């Protein structure tokens, strides 16, 4: 009888801390997907405008787990969420991916390179970049009309409001988690 150790055949168990990290990321992903699906059911205040609650989860992943977790969460959330709402690989999917990916990259850049920026500031930059990326995507791929940008100013104002709210929620959640030592 061959008593090959688990270690020699690559079945070594990951440390508990690594499993906890993966479980937290997965919990955040599930929350982000749920919010993505929920937001899809809400009436829109304008073209391509939703409250951006899923970006709140991306911001939490960034603060709690770092840039790699945030970017993979943003990508996975759009793919899986779009699958559930039936928009995978449609124009809606491309617009959502452009916005979500751009917002995640801008939030990561702000978090890394703007000393002392608050989560509200990071969230505001993410919300604005999300909306701008969606407009650029729509203009480049679907509606090649400069007049499209006339709708942008009021939607940027709404993005500022939702970005501020999401940033304030992120600060509250992070403070609660720190207080609870989670």
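Only one entry of 61, 27 meets the criterion of being over 29 Å from residue 151 (Cβ atoms), within 17 Å of the chain's Cα centre (by Cα), crowded, with 16+ Cβ neighbours inside 10 Å and at pLDDT 90 or above, and that entry is 61. When the stretch 99-114 is filtered for residues that are surrounded by fewer than 22 Cβ atoms within 10 Å (Cβ to Cβ) and over 10 Å from residue 125 (Cβ atoms), the ones remaining, listed by number, are 101, 102, 105, 108, 112, 113.
Here residue 157 does not fit the description of being within 21 Å of the chain's Cα centre (by Cα) and over 22 Å from residue 97 (Cα atoms).
The values are calculated or read from the model by the stated rules, or taken from the named source; none is laboratory data. Source: prediction; values computed, not measured. Cβ coordinates were reconstructed from backbone atoms using ideal geometry, including for glycine residues, and neighbour counts include every protein chain displayed.
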